[in-house]
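Each value in this text was obtained by applying a stated rule to the coordinates, not by laboratory testing. Just so we're clear, the structure is a prediction, and the values are computed from it rather than from any experiment. Virtual Cβ from ideal backbone geometry, glycine too; neighbours counted across all protein chains shown.
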Amino acid sequence: MFAVFVSLILVALTLLYLYLTNNIKYWQKRGIPCANGALLGVGHMWDFITSKKSFQDCCHKIYNDNSNRSAVGFYNFTTPTLMVLDPELVKTVLQTKFTCFHENNVTVNPELDPLLANNPFFTYGEKWVIGRKRLTYAFSSMRLKILLENVKQVCQQFEDFIDRRLNKTEQVEMELKDLFARYTIQVVASAGFGVNGFCFEDEEEHKSFLNIGKDLFNSSFLHNFMQKNITENTAAFALAVSYLPFSICCFESENVFIFCSTLSAIPRIRIIR
């Protein structure tokens, strides 16, 4: 019995090793330059999965290290990925041959992540075209002028928030990440949803939009692994894994319900946004 158990473990380890090394020489076999520092199983994403860097920072480092090349290959965990650097090649991908490159590599389950499923950054095909038209219309010059008026109001709230802190003591130490997160999220709440995000109200912080932002961008090893590994393949559907935290993606939750109720109330009470 023990021998059978050991044999099964050895077979499982062998299969795992073959799976992890299947694409380890993918770019070298095709004569395409590959970024240095690939690790077995995680590729070039070690700093991301350990929360040392964001995914964007990892890509930025690869870009800077290979800026003299027209294109460079890297490994997004076990997935070979090509980063195009040459402007002419970028133009080919985004314009000339865009129909061949329009699909998104992130798999989003619309039943588990209804918010992301309708996000233009996670859609493709006809759904992406519709979302792009909506965004283009939303950022017209006339609507941007209206948007700036809301931003001015948030700027005043931002100043009042700092003044209140300074009135208590002549000097105050503040975390800049938290401070500017409050400002950014308050702008989104005011200009986008037409409500007070309570980001500058200490006594109302329990119902602040800031809490939603913290839940969304809370970084952990498990969350990073799910973001860049599970949700990018069909296992996300089989395991019923949500990309966003439950409190954000579930429409019955209190945090998201305010989005739905506010959007439905805007035409009824004639709020112009």
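Determine, for 44, 60, the number of other Cβ atoms within 10 Å of each Cβ, and report the residues in order from fewest to most.
Working: 44 22, 60 12.
The most exposed by this proxy come first: 60, 44.
Ranked from highest to lowest mean number of other Cβ atoms within 10 Å per residue, what is the order of the peptides 52-58, 195-201? Could the numbers behind the result be given before it?
Working: 52-58: 14.0, 195-201: 20.4.
Top of the packing list down: 195-201, 52-58.
Report the Cα centroid-to-centroid distance between the stretch 119-149 and the stretch 66-97 in angstrom, as an integer.
26 Å
What's the exposure ranking of 47, 113, going from fewest to most Cβ atoms within 10 Å? Numbers along the way, then the final one.
Values: 47 16, 113 20.
Lowest to highest Cβ neighbour count: 47, 113.
If you take every residue apart from residue 31 with its C-beta less than 13 Å away from the C-beta of residue 31, what net charge results, scoring Lys and Arg +1 and Asp and Glu -1? Don't skip to the answer; put the middle values down first.
Values: positive: 25, 29, 30, 69; negative: none.
Result for the local shell: +4.
Taking the Cα centre of the stretch 1-101 as origin and charging only Cβ (+1 Lys, Arg; -1 Asp, Glu), how large is the dipole, in debye to the nearest 20?
On the way: 9 positive and 5 negative charges, 31 e Å.
Value, rounded to 20: 140 debye.
Between their Cα atoms, which of 53/97; 29/61; 152/177; 127/152; 53/177 are more than 26 Å away from each other?
Details: 53/97 32 Å; 29/61 24 Å; 152/177 21 Å; 127/152 34 Å; 53/177 16 Å.
Too far apart for the 26 Å limit: 53/97; 127/152.
Given the options 49, 33, 59, identify the residue whose Cα lies farthest towards the positive end of the charge dipole of the stretch 22-67 (+1 on Cβ of Lys, Arg; -1 on Cβ of Asp, Glu).
It is 33, whose Cα lies furthest towards the positive end.
Per residue, how much space in cubic angstrom lies within the convex hull of the C-alpha atoms of the stretch 1-101?
Values: hull volume 13.6 nm³, N = 101.
Roughly 135 Å³ of hull volume per residue.
Which order results if 139, 74, 193 are arranged by neighbouring Cβ count within 10 Å, fewest first? Kindly include the intermediate steps, with their values, before the conclusion.
Working: 139 10, 74 26, 193 17.
Ranked by crowding around the Cβ, least crowded first: 139, 193, 74.
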